[in-house]
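Here is the structure we will look at, set down as structure tokens.
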Amino acid sequence: MDRSPTPLLHPMLARQLRRLHIDPLAGPPGAEQWSALLALAGTTYEEYEQLVYLVTRAERMSTDELQRSQSALAEAERIAGLGSWTWRPGDETLLISSTLASLMQLPANTRELPLVLWLASMDSADRGVLHDSLRRATRQEVSLCGELRLQAREGQQRWLQYRIVSCPDADRPRALRVSGTLLDITERMRAEEQVRTLAFQDPLTGLCNRARFFDLLGSARSRVHDSGEQLALLFLDLDGFKEINDRHGHDAGDQLLRQVAERLRCTVSPHDPLCRFGGDEFLVLIRSEDGEPALEALAQQILTAISEPFDVDGRRLSVGVSIGIAIYPRDAMSTLDLVRAADTAMYQAKQQGKGRFEFHRPLATN
């Protein structure tokens, strides 16, 4: 077979053929077609070069744009404190963003995190919630959200808001890809806790205030209603506080009230709600399991604790306390009636000479 004349090749095309170990002079069977192909390539190679240049430039522009978008996304995540992650069910690791690595106090260049370590980093009480959410996400398309706590470090608890989404995996038919975000909401949780504290705490003594105490009392009544147990409410009113307040001023009176509250904390069980009801009045709620003798013993402990002098700005000041005790449901059925019954018993104690306690006794009626 006669060999067709070898066409004049474009220099770049000739170099590429040499890299592929193709000799244009020893073409494959069908040399005429081979020769024609080379001729066509030689005449159109300038257009091909231009196309390669345009495509390469477009790819480079797309890559630059993608990098700029990724940088902008990373910066937005950093500012918002929002970390992102992706996971393919069956894999042992998560792919995590730099913000998530920082949020979890990992090295800045960490981009993969073993799943078992991610679960272990959560507070033990919340691991089950996260594990169940991930398991649901591997079975069906879901969108889940909630709150988690990281393991406390150096006594500091950190709260995270999580979102988990699963959707079809484009690279694996009939499989799901799971992704999500974690947002640090610690400061928000602390602010909400502070609001709750201000709403339910007496600002002077740190004891619960009247609104909070009534909530606790109502809940306690509901718990013991069907159990046959009893609740005892102690109503405390200081004796001689007004004279101290008038003589030494309100600052001294406030200091004295704070010290009274502290002594009550040390005397009453931490499980028993303790309230500053207002002014120099305090309430204590006791679950009465041992009857009146146990309540008498506690009331006597309170009388003894309050009778010791207080040191206020170097001055020894003394007050007493009168205590009224009412028992639910014996003396009253409603919250307000129970408080009134204990208040009545407290006034009976004052009428009997102050510095003592009295149980509620119904007033004699004609």
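Counting only strands (runs of 3 or more DSSP E) that fall entirely inside the range 266-366 and contain at least 1 residues that are β-branched (Val, Ile, Thr), the qualifying elements are 281-288, 310-312, 320-328. Suppose we keep only residues that are surrounded by 20 or more Cβ atoms within 10 Å (Cβ to Cβ) and of a type in the set (D, E, K, R) within the range 218-246. Which one would you say is nearest to the chain's Cα centre (by Cα)? The selected residue is Asp237. Look through the range 189-215, keep the residues that are open to solvent by 50 Å² or more (accessible area, probe 1.4 Å) and touching a residue at least 24 places away in the same chain (Cβ under 8 Å), and return whichever of them is nearest to Asp91 (Cα to Cα). The qualifying residue nearest to Asp91 (Cα to Cα) is Arg212.
If the condition is being more than 17 Å from Arg276 (Cα to Cα), touching a Ser or Thr at 6+ places or on another chain (Cβ under 8 Å) and buried (at least 22 other Cβ atoms within 10 Å of the Cβ), then the range 340-357 contributes Ala349, Phe357.
Only one entry of Ala345, Ala332 meets the criterion of being in contact with a Lys or Arg (Cβ under 8 Å, 6 or more places away or on another chain), of a type outside the set (Lys, Arg) and more than 19 Å from Arg221 (Cα to Cα), and that entry is Ala345.
For the structure I just gave you, tell me whether Gly249 is open to solvent by less than 40 Å² (accessible area, probe 1.4 Å), more than 14 Å from Leu233 (Cα to Cα), over 35 Å from the mean Cα position of the chain (by Cα) and not acidic (Asp, Glu). Write out each step before concluding.
On the way: open to solvent by less than 40 Å² (accessible area, probe 1.4 Å): yes; more than 14 Å from Leu233 (Cα to Cα): yes; over 35 Å from the mean Cα position of the chain (by Cα): yes; not acidic (Asp, Glu): yes.
Criteria met by Gly249.
Annotation for the range 348-362: no member residue is under 44 Å from the mean Cα position of the chain (by Cα) and within 12 Å of Phe235 (Cα to Cα). Consider the range 174-188 and keep the residues that are of a type in the set (A, V, I, L, M, F, W, C) and more than 15 Å from the chain's Cα centre (by Cα). The one that is surrounded by the most Cβ atoms within 10 Å (Cβ to Cβ) is Val178.
Cβ-Cβ contacts under 8 Å between residues 6 or more apart (or on different chains), taken from a first residue in the range 112-132 that is closer than 13 Å to Leu160 by Cα to a second residue that is of a type in the set (Lys, Arg) and open to solvent by less than 70 Å² (accessible area, probe 1.4 Å), are listed as Met122/Arg149; Asp123/Arg149; Asp126/Arg149. For the condition in a loop (DSSP other than H, G, I, E, B) and loosely packed, with under 12 Cβ neighbours inside 10 Å, Asp171 qualifies. Taking the condition charged (D, E, K, R) and at pLDDT below 90, does Arg316 pass? So Arg316 fails the test.
Looking across the range 295-310 at every residue that is touching a strand residue (DSSP E or B) at 6+ places or on another chain (Cβ under 7 Å) and open to solvent by 40 Å² or more (accessible area, probe 1.4 Å), the one that is farthest from Ala220 (Cα to Cα) is identified as Pro309.
The set of residues in the range 266-291 being of a type in the set (D, E, K, R) and surrounded by 13 or more Cβ atoms within 10 Å (Cβ to Cβ) consists of Asp272, Arg276, Asp280, Glu281, Arg287.
Apart from one condition, Met104 fits all of (1) open to solvent by less than 50 Å² (accessible area, probe 1.4 Å); (2) more than 20 Å from Leu82 (Cα to Cα); (3) within 15 Å of the chain's Cα centre (by Cα); the exception is (2).
Looking only at the range 311-339, residues that are open to solvent by less than 60 Å² (accessible area, probe 1.4 Å) and farther than 15 Å from Ile244 by Cβ come to 14 in all. Cβ-Cβ distances below 6 Å connect the following pairs, each with a first residue in the range 291-305 that is in contact (Cβ under 8 Å) with a residue 60 or more places away in the chain, a second residue that is open to solvent by less than 70 Å² (accessible area, probe 1.4 Å) and part of a helix (DSSP H, G or I), and a separation of six or more residues or different chains: Ile302/Thr267.
The values are calculated or read from the model by the stated rules, or taken from the named source; none is laboratory data. In this text, all values refer to a predicted model and were calculated from it rather than measured experimentally. Cβ: placed from backbone, ideal geometry, glycine included. Neighbour counts: every protein chain shown. In case anyone asks, the SASA skips ligands and DNA or RNA and just uses the protein heavy atoms, side chains included. Shrake-Rupley method; radii C 1.70, N 1.55, O 1.52, S 1.80 Å.
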